[in-house]
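Engineer: Before I ask anything, here is the structure I am working with.
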Amino acid sequence: MQYRLILRVMAATIPAETLGTIVTNTVAVLTGMPERREEWRETIAGALQDARQRGPDWQIEVEFFTAVLALLGGQAADLPASHPYAAALAQIRAAVAAGGTPPDEVEPEPVIAAIQAFVSAPDWAASRQVVEARQDLLFRPQVVAIFEENIDRAKAAGDQQWADTLALHLEILRACRAEGIGPAFERLAQMEAEGDDDVPTS
């Protein structure tokens, strides 16, 4: 099955390290360091102005910085599910809702790349290899928030099949954490062999 990937980072031009700093600092000033919010808001406003001056190729950055500014101003902010920075914005929102996320746990682009590889793997054997190789990223708490955000977006867009696909992958990750990677995928293979309609073939 060829998946249509919502969780993507293609076309983004902000370096991973810079994006991580934006996520970390935004969460910090919206939770534990409110006295620095205005200073950070001015920094993001400057970044927005710079992005606007760079022309149409930086439109997605303009949209991202605009959304971050809205959050800093206490307003609701959202980006389309297919937006390259949607996951980063979702991570900020999830971390703020949870009361803040430690800086060393915020690495948006590597985490999203790991999720992308897991969800877009051509079959379950490949999916297992991805989990085994990147479990340090895929087992992080923010991965659940990113999946849940994209599941909600898919449902809101009327794409129940894609929402179910993402939900299944999230369930597999949870099983891997609880049971172990080997047992979780062995149970999945058994369900698939028995013809369980709830398990899509890859």
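Engineer: What about Thr201, is it modelled with pLDDT under 85 and closer than 25 Å to Pro15 by Cβ?
Structural biologist: Numbers: modelled with pLDDT under 85: yes; closer than 25 Å to Pro15 by Cβ: no.
It is false that Thr201 is modelled with pLDDT under 85 and closer than 25 Å to Pro15 by Cβ.
Engineer: Further question: Taking region 34-61 on its own, how many of its residues are among the aliphatic types (A, V, I, L, M) and at positive phi?
Structural biologist: 0
Engineer: Kindly indicate whether any position in region 30-45 is exposed (fewer than 12 other Cβ atoms within 10 Å of the Cβ) and under 18 Å from Gln142 (Cβ atoms).
Structural biologist: Yes, the conditions are met somewhere in region 30-45.
Engineer: Taking region 154-173 as the region of interest, how many residues are farther than 16 Å from Glu132 by Cβ and free of Cβ contacts under 8 Å to residues at least 60 places away in the same chain?
Structural biologist: So the count comes out to 12.
Engineer: Give me the residue from region 79-95 that is of a type in the set (Gly, Ala, Ser) and within 20 Å of Glu17 (Cα to Cα) and, out of that set, surrounded by the fewest Cβ atoms within 10 Å (Cβ to Cβ).
Structural biologist: Top of the filtered list is Ala94.
Engineer: Next up: Condition first: at pLDDT below 90, touching a helix residue (DSSP H, G or I) at 6+ places or on another chain (Cβ under 8 Å), closer than 27 Å to Ala163 by Cα and not assigned by TED's automatic domain parsing to the domain that holds Asp164. Can you find one or more residues in region 56-76 that meet it?
Structural biologist: Yes, region 56-76 contains a residue that is at pLDDT below 90, touching a helix residue (DSSP H, G or I) at 6+ places or on another chain (Cβ under 8 Å), closer than 27 Å to Ala163 by Cα and not assigned by TED's automatic domain parsing to the domain that holds Asp164.
Engineer: Just give me the residues in region 96-109 being under 14 Å from the mean Cα position of the chain (by Cα) and either surrounded by fewer than 15 Cβ atoms within 10 Å (Cβ to Cβ) or modelled with pLDDT of 85 or more (or both), in sequence order.
Structural biologist: Taking region 96-109 as the starting set, the residues that turn out to be under 14 Å from the mean Cα position of the chain (by Cα) are 105-109.
Once the filter is applied, which keeps residues that are under 14 Å from the mean Cα position of the chain (by Cα) and either surrounded by fewer than 15 Cβ atoms within 10 Å (Cβ to Cβ) or modelled with pLDDT of 85 or more (or both), region 96-109 yields only Glu105.
The values are calculated or read from the model by the stated rules, or taken from the named source; none is laboratory data. Everything numeric here is computed off the predicted structure, so don't read it as measured data. Positions of Cβ are backbone-derived with ideal geometry, glycine not excepted, and every protein chain shown enters the neighbour counts.
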